[in-house]
Structure formats: C-alpha cells, structure tokens
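Colleague: Questions regarding the structure given below will be posed in turn.
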Amino acid sequence: MRKLKNSELDRLSIDDFKTAKKTPIIVVLDNIRSLNNIGSVFRTSDAFLVEKIYLCGITATPPHKDIHKTALGSTDTVAWEYVENTLDLVKKLKSNNITVCSIEQAENATMLDDFKVEANQKYALVFGNEVKGVAQDVVTESDVVIEIPQFGTKHSLNISVSCGVVVWDVFSKLKNF
C-alpha cells in the first residue's frame, strides 16, 4: 500500500467548497477559550462540509494567528458568524426548525451511538467551554442532549476531539439519506 501525495487527494478549491452542497450541520461554539480548539473545529467542519459555525460569547474569531495555526486555511472556506449570546442563537435556530443538540453529560442524555437522525432535518451541534461545558440555560433550551459514551477513567474529551467525534457520527448517519 502506498501513501497518496497531496496532489492525488482531489481536494476542492476554496471556490468549489463555497458552492458545494453542504451537510445539514451547524456547529455552535459556546464560550470556547482555546484558539487552537477553535481552529481545530474549523478544520473538522471543512472536512465534513459543515454548513456554518457560530462563534459565541468569549469564543475568539478569525483572523488570529493561533486559530490559523490549527485551522490551516479553513477559516476561508467554512462560513462563520459571531453571535454574542448563545441562548438567543439557540432560540433563533429552533424557530427556523433546526434541531438543537447540546453535546453534554446530563440527566436523560441520549448516547451518541443511540442518536437517530431524520431525513431532511438540519442539526445544530452545541459544544461548550473547556471547563464549564455548555451553559445550563442552553442545555435546557436544547431539543436533545447528546452524550459521547466514554469508558475510561476520565469523564471528558477535549472540545475539538468531541467535535470531530460528533460531527463524523452525525455526518455518517446523514449520508445514508
């Protein structure tokens, strides 16, 4: 087996990415403090043709060298918008018939492997602060809370890792429609 060269990967150009059909996923970052995590989320979102990223609260916005370091140019491809208040955004998304899913450990949470997607439905995936998680008022307002099953001694994953796991899972379920 031979590794592929970058020239063999058939990647989209920035213009082609912008006009490509997007996956009906929106990523919401609720008060993310690490610029490297923000950049990683942009890169994951680019990989799976995420429709848009909302940067909320204290979450920094591009351009910034520390975001760029991990985003590797994906801030130029993935649509994004800054919104100060996450709860206001969640209410707006819900009013537009978007299913809001907080990624959090909570009572009666749905395990990610049990989460079912619906055809022709758009999903907003809310990821929270590295220490405090998703704000309680946002969790309360969400349509569903999704928990990533974990089996080791630690009780959490890095937010950029969580985003990769959840976006891949929802993407792979949606592509079956």
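The values are calculated or read from the model by the stated rules, or taken from the named source; none is laboratory data. Owing to the predicted nature of the structure, the values given are computational and were not obtained by experimental measurement. Cβ placement follows ideal geometry from the backbone for every residue including glycine, while neighbour counts extend to all protein chains displayed. Remember, those area values only see protein heavy atoms, side chains included, never the ligands or the DNA or RNA. Shrake-Rupley method; radii C 1.70, N 1.55, O 1.52, S 1.80 Å.
Colleague: Dipole magnitude of region 64-177 about its Cα centre, charges +1 at Lys/Arg Cβ and -1 at Asp/Glu Cβ only, in debye to the nearest 20?
Modeller: 280
Colleague: Could the peptides 55-64, 31-40, 168-177, 112-121 be put in order, highest first, of the mean number of other beta-carbon atoms found within 10 Å of their residues?
Modeller: Averaged packing, sorted descending, gives the order 31-40, 55-64, 168-177, 112-121.
Colleague: Sticking with this one: Please work out how much accessible surface residue 111 shows to a 1.4 Å probe, ignoring ligands, DNA and RNA, in Å² rounded to 10.
Modeller: 60
Colleague: Ok, one more. Could you work out the relative contact order of the chain, using alpha carbon pairs under 8 angstrom and six or more residues apart, expressed as a whole percent?
Modeller: 25
Colleague: What lysines could a cross-link reach from residue 22, if we take a straight Cα to Cα line under 20 Å and drop same-chain neighbours fewer than 8 places away?
Modeller: Hits, sequence-local ones excluded: 52, 94, 116, 122, 173, 175.
Colleague: Given 0.36 nm per residue, what is the gain on full extension from residue 92 to residue 72 after removing their alpha carbon distance, in nm?
Modeller: Between residue 92 and residue 72, full extension yields 4.2 nm more.
Colleague: Using 0.36 nm times the number of residues separating residue 176 and residue 84, minus their current alpha carbon distance, what extension gain do you get?
Modeller: Stretched fully, the residue 176-residue 84 segment lengthens by 29.7 nm.
Colleague: Please identify every one of the GluC sites (Glu not before Pro) in region 49-88 that sits in a loop by DSSP and has no more than 12 other beta carbons within 10 Å of its own beta carbon.
Modeller: Counting only loop positions with at most 12 other Cβ atoms within 10 Å, the GluC sites (Glu not before Pro) in region 49-88 are 84.
Colleague: Can you pull the one-decimal nm distance between simple spin-label points at residue 8 and residue 64, each 7 Å off the Cα toward Cβ?
Modeller: 3.8
Colleague: Moving to a separate point now. Just name one of 168, 64, 35: the one whose Cα is farthest towards the positive end of the charge dipole of region 33-176 (beta-carbon charges, Lys/Arg +1, Asp/Glu -1).
Modeller: Highest projection toward the positive end goes to 64.
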